[in-house]
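Readers should treat all values here as calculations from the given coordinates under stated rules, not as data from a laboratory. All figures in this text were calculated on a predicted structure; none of them were measured in a lab. With ideal geometry, Cβ positions are generated from the backbone for all residues, glycine too; neighbour counts draw on all protein chains shown.
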There are 4 protein chains.
Amino acid sequence: MPTILGQNQYGKAETRVVKITRDGATHHIKDLNVSVALSGDMEEVHYSGSNANVLPTDTTKNTVYAFAREHGIASAEQFGIHLARHFVTSQEAIHRARIRVEEYAWERIATSDAREARHSFVRTGQETRLTQVTYDGATWEVVSGLKDLTVLNSTDSEFWGYVKDKYTTLKEAYDRILATSVSARWRFHWTGDEEPVPDWETSYAEVRKHLLQAFAETYSLSLQQTLYRMGARIIEHRGEIDEVRFSLPNSHHFLVDLEPFGLKNDNEVFFAADRPYGLIEGTVLRDGCEARIPVDLTNL
Amino acid sequence: MPTILGQNQYGKAETRVVKITRDGATHHIKDLNVSVALSGDMEEVHYSGSNANVLPTDTTKNTVYAFAREHGIASAEQFGIHLARHFVTSQEAIHRARIRVEEYAWERIATSDAREARHSFVRTGQETRLTQVTYDGATWEVVSGLKDLTVLNSTDSEFWGYVKDKYTTLKEAYDRILATSVSARWRFHWTGDEEPVPDWETSYAEVRKHLLQAFAETYSLSLQQTLYRMGARIIEHRGEIDEVRFSLPNSHHFLVDLEPFGLKNDNEVFFAADRPYGLIEGTVLRDGCEARIPVDLTNL
Amino acid sequence: MPTILGQNQYGKAETRVVKITRDGATHHIKDLNVSVALSGDMEEVHYSGSNANVLPTDTTKNTVYAFAREHGIASAEQFGIHLARHFVTSQEAIHRARIRVEEYAWERIATSDAREARHSFVRTGQETRLTQVTYDGATWEVVSGLKDLTVLNSTDSEFWGYVKDKYTTLKEAYDRILATSVSARWRFHWTGDEEPVPDWETSYAEVRKHLLQAFAETYSLSLQQTLYRMGARIIEHRGEIDEVRFSLPNSHHFLVDLEPFGLKNDNEVFFAADRPYGLIEGTVLRDGCEARIPVDLTNL
Amino acid sequence: MPTILGQNQYGKAETRVVKITRDGATHHIKDLNVSVALSGDMEEVHYSGSNANVLPTDTTKNTVYAFAREHGIASAEQFGIHLARHFVTSQEAIHRARIRVEEYAWERIATSDAREARHSFVRTGQETRLTQVTYDGATWEVVSGLKDLTVLNSTDSEFWGYVKDKYTTLKEAYDRILATSVSARWRFHWTGDEEPVPDWETSYAEVRKHLLQAFAETYSLSLQQTLYRMGARIIEHRGEIDEVRFSLPNSHHFLVDLEPFGLKNDNEVFFAADRPYGLIEGTVLRDGCEARIPVDLTNL
């Protein structure tokens, strides 16, 4: 046979689970999109179609729902750990499980007597929170993150002093809008059951806070500089994080030329362009740590 | 000629304009997506291709940018009024202008000293605000609204007592999740330059507040009942509004059957389904007023 | 009560039904997305939440599946007629039914012996076919159409002789790309069970053919002229159609300025822009017929 | 400094270029979406914001347009090679260029005299063709592929004999629909300027043909088996390809239970589900070759 099987994985993707926890009349909500990918002794199903080692993807979906009931959803990370451990330890043929989770945030609706509603929610709609838990029976890897967090500085951004070749026409800018839609992933130092487990909920809130502050407080000479400052700020403040990777579209806001209409445009009116966009990607590492987050950040 | 021309309109759609207003070091942002549709003496361009009456769509785009500079953007509604008036009064061949605006909201980033950043913003990402201004040289119609405001009640919703025919298999529900992504449009009473102009910004904030409160505070026997209460609450509280129309997908959250796994599911674990979904649409009117919002709410 | 109920409708949207018909080893496929909207005596469900007149949306979904089995799917239009008739004639409280259908086309895969596979298909992925059937117990209205049919003429398009005002900067064009993504709806003359029923499948294929040919064969001085020629060609050739409406984005392909690089660009290299875009909408009518297709074409 | 910079890259993403080539009255069209990612000596721009080594992303965009004019677009792969070579050889600080291209296919409109139009096109709308060219100054890597090729077998698919654990409820299937939307990438053996260059256009057409045939002609006991057959068929027939990777959603078509309505459903009526879906991913290698395509296929 001139062909062989390489890396492979399978599972149910995008199982949408909503968990309501009732604390008297006060309800809490967790809203997740869970994707399971399993690897192991899977040669035969590829070569001959024998499913003898295949736990059906329908079963991985059922497990997500059953575990939401059995273990609750304290955090996306903790829920992913429960699932990954289960698949690797309960099925001999499965050697590695990767659980990806998207989480959608909800906030309470304010009622007419200015209190928080106890069981009425409105989706915040801002960034989507992400996590990926990988387990091979010995070592854990947790990479969390977010996507679609759209931010903008209306000043304190410049771009000049760059290389000019024969195809360069861009004018230097000494005061421009800097805008991007942040996609970020950060890898936790934690790899083993014996180590103390991070507080996943606090960690997320703090990383997000530092990321936003670094964006706001960096006087930027290039989006790369801002990227690095965001990553460094996270690593400096959060000992549980060893590595951060960003994918940052440079969402161009072009100053509109209003001179033909006899008008000045002193950084007031901009055209927000869709495509093309600059795309700035990079990893920031705690010194001495290895990079493990892939170069291309994928959807989940 | 066996064919004739019917209703027609043209213009530039989806002009993305961002307006920064500097109040010292504190900046303000308005972020709009503006679509212009003009009608009038346009037979010849259709029949023979003569553009003698056609103001180019490129010009309508330029006008959006120039007006952002000349008039500012106090509100999406006010900006639409400036534009509609301009096209109808400055071009003899144009008899009617319809301006549609989507508005994206931004909030200030909190800085590390717990203040609001002065020129750094994060997009709220919740609902998209909408308005449509129509002017024919004599009468104004302003229909504002929103889309993609996703809300959920985790209890206080029932559904029973419905018609059963030979294709009915649904079980009655006495405690269910009620969730929807609100698309709403509301028409203002204001139609003329002599009447006092509503405070568009306050009106939007108040309509949104009443809509959310009515959703949260209605014990619901059907989504139709909730729809009606949301509309009625708006009209009862906001004298400037005569008509409200909703398009409400019933975003089904199905209780997962965990019995095969020996688990109870006492309204805790749900599958959030995508398609199909119920779609509940309806108009609520101030008594004595006419319905003018079309049955099908379109994208803008 | 200061508020009253206006137009309202409800039903299950986006029921995805795939019907396989086996003709020996040769299979045929119909792939539809069906949305049901019902109206009638629905005041009480809005005012008090009484569902006594409400056939559940779940039942309308079941009916779609049962009818696919009972009646087959000869065409989207015929299937819609079966459904609309059923809801209006079987439920006293329902006075009007509107069935919308999206249809996705598949073609047979070519096998290695250069024949057509008998039960293997690849989705064509071109336009989506649409129909809307409305029935009020007495009169039928069938509006069919398509969306996302993307077409381009690389020459034979000009744009000049237009109005110039103070905001006009556009240069006249004597040879440009004309491109659009056609969204069209056409209304059939047929309104009653006594009249001969159109051959829905042939009609669709012929309308699509004439639309494409008119686009290709019109030397265009404006997209409005092309729109009119497409509509007129359909009405001239297809006696079963009384009215056509188009929504045509002018998908701008801008000639890139290569002069800064010492290169000529003789209509060779273009930037395909996303937004903003011109939006040209219009109705073409058979002389003597009334316009009934709404101004704004909605998604289905 | 406790943090360091890891892998990073930047460039202009999604430059939309349309190239028209005139062969007398007959025009040819190439429609690409080009994304450039450059790496090299980029520490300073991240650490201090110095752009001294940064060729602006605006320049990479200009280069795409200029090269479409200077070199033409014989194929997406060839165009990517021109661009990658240029950036790496003309800029000392740039050590590696990765060019990604999406290509949209067009076919000629049939005219009313049953000929092919010479300059009128309709987008085929089926799969999107992809390529990625990477160059580090010494070695080339070309990975081509496609996405969104939706295929369906209405029989000749089974699924049984799988693992059953306590969360398994799935019933075995002996005749089911197998449907997926193929995302595939294949890596060429070619790595150096001295080796004969593949015929990129022929290669794409042939790989696509074999992929479709293998899908149609495999009697499938699992989607993994079909995946492997598709990859093996490509490698067996196309000597220029060393590695293929697939990401195959199992697009479930559930047989609808019509028994409550007194109807049999003998593999006739199906519900096409959206989410969750099985996701089957795997690599097929020419024996002796190394796997280099990343596990997660990204959008471009």
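Within straight-line reach of D:K147, meaning a Cα separation under 21 Å, sit the following lysines at least 8 residues removed in sequence or on another chain: A:K12, D:K30, D:K209. Largest GNM mean-square fluctuation across C:A184, C:A272, C:A232, computed for chain C with C-alpha springs under 10 Å, falls on C:A272. With a 10 Å cut-off around each Cβ of D:288-296, the average count of Cβ atoms from other chains is 4. Any idea what the relative contact order of segment C:129-186 is, in percent, if you count C-alpha pairs under 8 Å spaced at least 6 apart? Contact order relative to length: 39 percent. Springs join every pair of Cα atoms under 10 Å in this Gaussian network model of chain B, and among B:V197, B:V34, B:V182 the largest mean-square fluctuation is at B:V197. Taking B:A97, B:A13, B:A52 as the candidate residues, the one with maximal mean-square fluctuation in a Gaussian network model of chain B, Cα springs under 10 Å, is B:A52. Calculated on C-alpha atoms, the gyration radius of segment D:92-183 divided by its Kirkwood radius gives an Rg/Rh of 1.23. Computed on segment C:1-72, the Cα convex hull volume stands at 90 Å³ per residue.
Counting only the backbone N, which residues of segment B:48-64 are under 17 Å from the spot 7 Å out from the Cα of C:A273 toward its beta-carbon? Flagged as within label range: B:55-64. For segment C:49-122, the list of GluC sites (Glu not before Pro) that fall in a loop by DSSP and count at most 16 other C-beta atoms within 10 angstrom reads C:E92.
If I take R0 = 22 Å and measure r between the Cβ atoms of A:D165 and D:H28 in this structure, what FRET efficiency does the formula 1/(1 + (r/R0)^6) give, to the nearest 0.05? Efficiency for this residue pair is about 0.15. Using just its DSSP H runs of length 4 or more, each adding -39500 (n - 2.57), the protein assembly as shown gives a mean residue ellipticity at 222 nm of -7500 deg cm²/dmol after division by all residues. Once you reduce segment C:31-58 and segment B:54-125 to the center of their Cα atoms, the two points are 39 Å from each other.
Eigenvalues of the alpha-carbon gyration tensor of chain C, scaled by 5 and square-rooted, set the equivalent ellipsoid semi-axes at 40, 27, 19 angstrom, largest first.
Above 14 Å, the calculated P(r) of segment D:38-90 contains 58 percent of its Cα-Cα pairs. Averaging 1/r over each pair of different alpha-carbon atoms in the protein assembly as shown and inverting the result gives 32.0 Å, the Kirkwood hydrodynamic radius. Fewest neighbouring Cβ atoms within 10 Å first, the residues D:H46, D:H71 line up as D:H71, D:H46.
Annotation for C:D148 and C:T202: the two label points, set 7 Å from Cα along the Cα-Cβ direction, are 3.0 nm apart. Can you give the mean number of other chain Cβ atoms that lie within 10 Å of the Cβ atoms in peptide D:152-158? Across D:152-158, the average partner-chain Cβ count within 10 Å equals 6. With the convex hull drawn over the C-alpha atoms of segment B:9-138, the volume per residue is 105 Å³.
Normalising the Debye intensity of segment A:144-300 to I(0), with uniform scatterers on Cα atoms only, and taking log10 at q = 0.09, 0.14, 0.15, 0.19 Å⁻¹ returns -0.36, -0.76, -0.85, -1.20. With a Förster radius of 51 Å applied to the beta-carbon distance between B:D175 and A:K209, the computed FRET efficiency rounds to 0.85.
Between the C-alpha center of segment D:225-300 and that of segment A:243-288 there is a gap of 39 Å. Among the residues of B:207-217, the average count of other protein chain beta-carbon atoms within 10 Å of the residue beta-carbon is 4. For the pair A:T21 and B:A110, a Förster radius of 30 Å applied to the C-beta separation gives a FRET efficiency near 0.60, rounded to the nearest 0.05. For segment C:236-281, list log₁₀ I(q)/I(0) at each q in 0.14, 0.24 Å⁻¹, using the Debye formula over Cα point scatterers of equal strength and ignoring solvent, two decimals each. Reported log10 I(q)/I(0), two decimals: -0.57, -0.87.
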